[in-house]
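*Asks:* Once you've had a glance at the structure underneath, I'll fire off some questions.
The values are calculated or read from the model by the stated rules, or taken from the named source; none is laboratory data. Note that the structure is a prediction, hence the values are computed from the model and not measured. Because the Cβ atoms are built from the backbone with ideal geometry, glycine has one as well, and the counts that use them run over all protein chains shown. Accessible surface is based on the protein model in full, side chains and every heavy atom, while ligands, DNA and RNA are left aside. Shrake-Rupley method; radii C 1.70, N 1.55, O 1.52, S 1.80 Å.
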Amino acid sequence: ISPYALFPSLTQARIRRLLVIPQDRDSITSNMMKGAPYLFTVAILALATTLVSAYDPSPLQDFCVAINNTDSAVFVNGKFCKDPATITANDFFFPGLNIPGNTAASKLGSSVNLVNVDKLPGLNTLGISLARLDFTPYGLNPPHTHPRGTELLVVMEGTLLVGFVTSNPNKLFTKVLNKGDVFVFPIGLIHFQFNIGQTNAVAFAGLSSQNPGLITIANAVFGSNPPINPDVLAKAFQLDKNR
């Protein structure tokens, strides 16, 4: 491998000076000391790059089926691993996503059935989960965020208005989706889905974590336990707390 490819920020003259074969021991020592800080920095950056290449840790075995039995020997990604000798096909199976969600139970007219590691133990360490979303006409999955996962949504039925907001300065990206359309919501960003049609809508979402987490913005801000001080909310939203 060419040294110019390894260290593109160095001038060719600088690399030649580092690589030149000195004639005496003192020159060798001096050149090594001059080049050491740069080479050390490159080594640290290369190591850091390998460490941040994935969000959920990569598995070190074929699978680690989750089990709540604390007597199990291994603790990985928040779940204990089931003894491989007792694993069956059912540990990798979840039925029922063909059944519509109970949207009547929600004031917002939506239902989300998330299949994560808590419902499908075989997902443990695999870095993926799945959800079915059902909407009544004008049903809403309100602004929320998944702190540990990117979401990839595909519409199966109906018409959805979807969008996400970036970090500051908070630019909105929004799109109307029809049957067969796909939209991605980057990890950690606030996003929503709204059925703008007059019929029910159905969508499926894949998420890049076995346990992506959920923060519904309105619930977190106005429904925390204990509640956020009203003076804080009034100041933040520029409201009169007495009204």
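*Asks:* Looking at segment 103-110, is at least one residue over 29 Å from Leu172 (Cβ atoms) and either touching a helix residue (DSSP H, G or I) at 6+ places or on another chain (Cβ under 9 Å) or surrounded by 13 or more Cβ atoms within 10 Å (Cβ to Cβ) (or both)?
*Replies:* no
*Asks:* Please go through segment 212-228 and give me each residue that is at pLDDT 95 or above, assigned to a loop (DSSP other than H, G, I, E, B) and surrounded by 10 or more Cβ atoms within 10 Å (Cβ to Cβ), ordered by number.
*Replies:* Once the filter is applied, which keeps residues that are at pLDDT 95 or above, assigned to a loop (DSSP other than H, G, I, E, B) and surrounded by 10 or more Cβ atoms within 10 Å (Cβ to Cβ), segment 212-228 yields Leu214, Gly223, Pro227, Ile228.
*Asks:* Also: Name the residues in segment 116-171 that are of a type in the set (S, T, N, Q), closer than 19 Å to Gln210 by Cα and part of a strand (DSSP E or B), would you?
*Replies:* Ser129, Thr145
*Asks:* Additional query: Take Ser209 and tell me if it is in contact with a Lys or Arg (Cβ under 8 Å, 6 or more places away or on another chain), hydroxyl-bearing (Ser, Thr, Tyr) and either open to solvent by less than 90 Å² (accessible area, probe 1.4 Å) or touching a residue at least 60 places away in the same chain (Cβ under 8 Å) (or both).
*Replies:* yes
*Asks:* Of everything in segment 148-160, what is open to solvent by less than 50 Å² (accessible area, probe 1.4 Å) and at pLDDT below 95? Give them in sequence order. I'd like the intermediate steps shown before the answer.
*Replies:* Quick first cut of segment 148-160, residues open to solvent by less than 50 Å² (accessible area, probe 1.4 Å) only: 149-151, 153-155, 158-160.
Selection gives Gly149 alone.
*Asks:* Next up: Starting from segment 66-85, keep only residues that are part of a loop (DSSP other than H, G, I, E, B), then list their pairs with residues that are open to solvent by 70 Å² or more (accessible area, probe 1.4 Å) and at pLDDT below 80 whose Cβ atoms are within a distance under 9 Å, requiring at least 6 positions of separation or different chains.
*Replies:* So the pair list comes out as Asn77/Pro57; Lys82/Asn69; Asp83/Ala73.
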